[in-house]
Structure formats: C-alpha cells, structure tokens
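Any read-out appearing in this document is the output of simple, stated calculations on the displayed coordinates, not a laboratory observation. As the structure is a prediction and not an experimental result, all values here were calculated from the model. We place every Cβ from the backbone using ideal geometry, glycine too, and count neighbours over all the protein chains shown.
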Amino acid sequence: MAVQGRKIKVLFASAEAVPFVKTGGLGDVAGSLPRALNHEGADVSVIMPKYSIIPQEYQEQMKHVAEFYVPLAWRSVYCGIEKLTYQGVNFYFVDNEGYFKRDGVYGYFDDGERYAFFSKAICEAIQYLPELQVDVLECNDWQCAMAPVFLREFYQGSAACRNVKTIFTVHNVKFQGQFGDKVLNDILGLADNPTAAGQLYCDATSVNYMQGALLYSDAISTVSPSYASELQMPFYGEGMDGIFRRRSSSLRGILNGIDVDAWNPATDSMIEANYEPGKMKNKAKCKEALQRELGLAVDAEKPLVVMIGRLTNQKGLGLVRYAMNRLMERGVQIAVLGTGDKDQEDAFKYFDWAYGDQMCAKIAFDNALSHRMYAGGDILLMPSEFEPCGLSQMIAMRYGTLPVVRETGGLQDSVIPYNQYTGEGTGFRFANMNADEMANVLLDACEVFWTDKKAWKRIQKQAMETDFSWSRAADDYLDMYYGLHPELAR
Ligand code: ADP
C-alpha cells in the first residue's frame with residue numbers, strides 16, 4: 001500500500017519477542033507484526049529488555065548504541081541500549097544486568113521495579129536515540145504499561161517526546177501488574193503527584209500499572225474484536241471493565257495474525273514430511289511419526305487430539321479433566337504439550353500414567369515438538385474460559401489440524417463452525433463452560449473424522465486456505481497509527 005505522507009515511525013515496546021525470548025503469544029506477535037507493518041509502509045522498531053537468556057548468537061550481533069542513567073524515584077539507574085537488525089526490523093535492547101540477568105523472564109520478587117525501569121528506559125531512549133523520531137509508542141501488556149504514564153508526567157517538556165502519541169495494547173487483561181503502593185515513592189517517583197497516584201490506585205494500598213496505561217494512553221487496542229467487547233463486561237474485564245466501557249470510543253480489537261513463513265506445513269523443516277492443501281498424504285506420515293514418538297498406539301483411525309499451551313485455568317483445562325474418561329472410553333487419543341500450574345501439570349501427568357498408549361502429557365516448553373504436534377494431530381482442543389486472541393488455533397488450522405474451541409475472544413473470531421448442510425466451516429465450536437457440551441462437540445468432530453472423510457478433507461482445505469497472515473491485520477494497525485496523527489496523511 002502506498003503511503004502518501006512520510007512513513008509513520010512507531011516504537012513497539014514488548015517484554016518479549018521471537019526469536020529472542022518467548023513465553024507465549026505476545027512473543028510471537030512482537031516477533032512478526034512489526035515486520036509485516038514495515039512491509040505495508042510503516043517504520044516500526046521494537047524495544048525490549050536485554051535478558052541474559054537471549055541466545056548467545058543474537059547477543060554477539062548486538063551493537064552498543066547508547067547509555068544513560070534512568071531516574072527511578074530517588075535513584076539513577078544505569079541503562080545501556082544495544083541494537084540488532086533482524087529480518088529488516090530494528091530491535092533495541094534495554095540493558096541492565098541487575099534487572100535482566102536472570103534464569104527466566106517473569107515471576108521475580110522485584111518485577112514491579114524491573115518493568116517500571118523498562119518503561120522509564122523506553123521514555124529515555126526516545127530522547128537519547130535521535131534516529132527513533134517516534135510518532136507512536138505502542139506499549140504491549142503491563143510490563144511496559146507505565147511508559148504512557150511516565151511520558152505524560154515527566155517527559156512532556158522534551159522535544160523528542162512532545163508529539164508522541166501512545167497506544168496501549170491488551171494481550172491479556174488477567175495480568176495487570178499490581179503492586180503495593182510503596183512503589184509510588186520508591187520506584188515510580190509519583191508519591192508527590194496526587195493526580196497521577198490517584199489514577200494508579202486500584203484499592204486502598206495497591207497500584208495497578210495497566211490501569212495507568214488504560215487511563216493515560218491516547219488509544220487502546222486489543223487482539224480480537226470479540227475480546228474488545230468482552231473486556232467491557234464484568235465477567236471478562238478483571239475489574240477494568242468500567243474503564244474499558246468509559247474509553248470504548250478509543251478501544252478497538254484487531255485480530256492477530258501468525259508468521260505464515262515460520263508456520264508452513266509445505267516448507268517446515270521440523271516436521272516428518274511436508275504437505276499442502278490438495279496434497280495431504282504426508283500429513284498421515286506426520287501423524288504416524290508423532291504417535292510413535294509419544295508412545296501412542298499407531299493407528300490412523302484413532303482421532304489424535306492435541307493441546308499446546310500454558311497449563312493454567314484460563315485454558316479451560318477443568319473441562320478436559322472432567323471429560324477425560326468419557327473421551328478415552330470412545331477411543332480418542334489425547335496429547336498435551338505445556339507447562340504451567342503445578343496441579344494442572346500433575347493432573348495431566350496422572351492421565352498419561354493412567355491411560356497408557358491413549359494419552360500422553362509432555363510437561364515442557366518445546367518449540368520443535370509443538371511443530372510436530374500441529375502437523376501430526378487431527379484435532380486441536382482449546383476450550384478456553386477466555387482467550388484474547390489465541391494463536392494455537394490459527395497455527396493448527398494452517399496445518400489442517402481442525403480446532404475445537406469455545407466461543408470466546410479470538411477463538412470466536414477465527415474459527416468458522418462446520419455446517420453439515422452447507423459444508424462451510426474451518427473447525428468446531430461450543431458456547432458454554434460445560435464439560436459435557438465440550439465433549440459432545442469434540443465427539444461430533446470425531447464422528448465426522450470417522451464417518452465422512454470427504455467432509456473432513458473439505459474442512460481441512462478450508463482451514464488451511466484461510467488467510468491468517470499479518471497483512472490482513474496490518475491495514476487496521478496503520479489506520480490506528482495514522483488516526484492518531486492526521487497531519488501525516490496516509
Ligand atoms: P497465550 O499467549 O495465552 O500463551 P497463544 O495461543 O496466544 O496463548 O500463544 C501461545 C504460543 O506459545 C503458541 O505459539 C504456542 O504454540 C506456544 N506454546 C505454548 N506453550 C508451549 C509449549 N509448552 N511448547 C512450545 N510452544 C508452546
């Protein structure tokens with residue numbers, strides 16, 4: 001698409017990005033959306049923490065481009081900026097070993113401080129790196145939520161920051177960054193600013209970073225249209241629904257895409273054999289290899305249901321646990337790949353033990369295995385209680401592995417239910433958080449698999465041919481960016 005004015009310059013802030021570090025969907029998005037937007041005529045750079053767990057090969061390619069001190073309340077904290085251009089996108093890494101030299105990414109006692117530092121460092125970087133010339137700062141999730149607050153409270157006087165418009169993008173409202181109000185004085189430097197502090201308080205003694213971003217940002221976005229509506233409801237809003245309702249005219253939902261080059265059964269080198277719509281024979285080879293690898297009975301006629309994702313309550317695992325016996329009795333195979341809450345991990349380890357060659361649980365984070373599972377499965381089960389967007393169902397469809405999903409958030413926006421009369425559809429859906437309803441629909445899907453191979457193939461083809469690329473979403477993103485800068489005609 002031709003952009004008439006100059007290219008809009010966007011700084012995309014995220015706590016994770018593929019291929020450097022990923023714990024979930026946000027990493028995929030930050031690793032692929034900026035490239036797609038640049039392709040469509042924007043100029044997007046990414047800023048993220050320089051974790052010590054970033055693979056060495058990338059760390060060696062980074063160049064030190066700036067260093068400065070970040071004011072955090074009464075302290076000044078060192079910050080280096082390293083730069084790496086990856087697949088045409090400039091990535092800036094915020095370096096401070098005290099905060100980011102850890103074994104993992106999140107879950108440390110000082111996360112409130114680590115990510116307040118990251119947010120402040122973003123504002124400083126906008127000043128110290130003249131090449132950035134930021135028009136729009138897009139902050140993703142709570143880890144950089146304080147940046148729009150800091151920008152307005154501390155940096156309005158700076159020429160580099162004055163015209164920066166801010167967007168806050170919600171990938172999951174469950175994680176808000178809530179901390180004891182001591183941070184106002186010790187870290188945020190906002191204890192003497194009652195107006196700002198008032199926007200951050202969420203109860204008598206706690207402040208909430210995401211709440212700050214929702215109130216301070218010029219626009220709010222989220223990762224699917226349905227989730228944008230759900231966020232305004234008490235059931236899904238996690239206490240923020242009132243703010244979402246109040247700001248609904250500035251809120252929009254844009255369905256995520258996936259990296260269709262990285263996730264492509266026709267070229268994927270991590271799977272047993274490549275296949276594509278119309279040439280599906282090799283998918284059977286992938287299934288056979290997966291059954292063998294996971295110790296499942298090698299049988300083409302047994303529907304192989306895969307689940308790939310975090311093992312947390314959000315993902316509707318209670319329904320699967322409840323329905324497990326019924327599904328096993330019907331001869332379904334289930335393979336789970338994930339890590340998460342201990343009780344969920346234990347439950348699936350138990351099923352693995354109890355159901356022998358019909359059930360397998362791999363408690364691990366294993367990207368290569370996830371590719372083999374997307375390729376080797378027949379069905380992907382995703383009965384989420386809520387799902388802002390969900391990438392697994394889109395990846396599965398690209399691999400001809402048909403999703404069975406609950407109608408919520410991005411699952412509802414990306415899976416078209418199979419209609420046996422018209423033949424339309426890319427998967428199967430159920431409405432309520434009810435294990436029997438889930439099992440009924442999953443077994444309906446199996447029935448089609450068992451008895452109507454022609455229909456199954458047709459749904460697979462429709463799923464695989466759906467456009468899940470980022471170019472579909474890029475136009476909406478550009479609309480949002482240019483909408484904040486009408487002077488930069490598109
Ligand atoms: P969420 O962001 O809620 O974790 P998504 O479906 O949006 O869920 O994205 C999850 C991404 O992480 C997908 O790319 C999925 O394949 C990947 N993933 C999740 N758990 C694992 C795991 N244990 N091993 C490999 N990949 C995983």
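Taking R0 as 60 Å, what's the FRET efficiency between residue 67 and residue 450 from their Cβ-Cβ distance, rounded to 0.05? Can you show the working numbers first?
Numbers: r = 63 Å, r/R0 = 1.05.
The formula returns an efficiency of 0.40 here.
For the pair residue 461/residue 297, report the inter-label distance in nm, with labels modelled 7 Å from Cα in the Cβ direction.
Label-label distance for residue 461 and residue 297, simple model: 3.1 nm.
Quick query: amide H of residue 311 versus all other amide H atoms, modeled in the peptide plane; which residues come in under 5 Å with a sequence gap of 5 or more or a different chain?
339, 340, 341
Once the Cβ-Cβ distance between residue 133 and residue 366 is put in as r, and R0 is 51 Å, what FRET efficiency do you end up with, to the nearest 0.05?
Rounded to the nearest 0.05, the efficiency is 0.80.
Order of 469, 269 from fewest to most other C-beta atoms within 10 Å?
Ascending Cβ contact count within 10 Å gives the list 269, 469.
What does the convex hull of the Cα atoms of the stretch 369-490 come to per residue, in Å³, rounded to a whole number?
Roughly 131 Å³ of hull volume per residue.
Pairing the Cα long axis of helix 25-39 with the longest principal axis of the chain, what angle in degrees results, from 0 to 90 and rounded to the nearest 10?
70
For the pair residue 341 and residue 74, what calculated FRET efficiency results from E = 1/(1 + (r/R0)^6), where r is the Cβ-Cβ distance and R0 = 30 Å, to the nearest 0.05?
Values: r = 38 Å, r/R0 = 1.26.
E(calc), rounded to 0.05, equals 0.20.
Lys and Arg at +1, Asp and Glu at -1: add these up for the other residues within a Cβ distance under 9 Å of residue 382 and post the number. Mind showing how you got there, number by number?
Values: positive: 315, 406; negative: 387.
With Lys, Arg at +1 and Asp, Glu at -1, the neighbours total +1.
What net charge is computed for the residues neighbouring residue 111, neighbours being all others with C-beta under 13 Å from the C-beta of residue 111, Lys and Arg scored +1, Asp and Glu -1?
So the surrounding residues net to -1.
Charges on Cβ only, +1 for Lys and Arg, -1 for Asp and Glu, centred on the Cα centroid of the stretch 281-464; of 314, 344, 290, which one is farthest towards the dipole's positive end?
Among 314, 344, 290, the one farthest towards the positive end of the dipole of the stretch 281-464 is 290.
Using the basic label-point model (7 angstrom from Cα toward the beta carbon), what is the residue 59 to residue 276 distance in nanometres?
With each label point 7 Å from Cα toward Cβ, the separation is 4.0 nm.
For the chain, what is the calculated [θ] at 222 nm in deg cm²/dmol (nearest 500), taking -39500 (n - 2.57) for each run of four or more DSSP H residues and dividing by its residue count? Could the numbers behind the result be given before it?
Working: 20 runs with 193 residues, N = 490.
One gets -11500 deg cm²/dmol as the mean residue ellipticity at 222 nm.
As an exercise, identify the chymotrypsin sites (Phe, Trp or Tyr not before Pro) in the stretch 381-444 lying in DSSP coil whose Cβ has no more than 14 other Cβ atoms within 10 Å.
421
Name every cysteine in the chain that ends up alone, with no second cysteine's Cβ under 4.7 Å, or say none.
Cys with no partner Cβ under 4.7 Å: 79, 123, 161, 202, 286, 360, 389, 446.
Round to the nearest 10 and give me the degree value, 0 to 90, for the angle of helix 111-128's Cα axis relative to the longest principal axis of the chain.
Value to nearest ten degrees: 60.
For the stretch 69-109, run through the chymotrypsin sites (Phe, Trp or Tyr not before Pro) and keep only the ones in DSSP coil with at most 14 other Cβ atoms within 10 Å of their Cβ.
Sites meeting the loop and neighbour criteria: 74, 106, 108, 109.
Report, please, the projected area of the stretch 281-464 averaged over directions, based on the convex hull of its C-alpha atoms, in nm².
Mean shadow area of the hull around the Cα atoms is 9.0 nm².
Label point 7 Å out from residue 192 along Cα-to-Cβ: which residues of the stretch 59-94 have amide N under 13 Å?
Label zone hits: 73-75.
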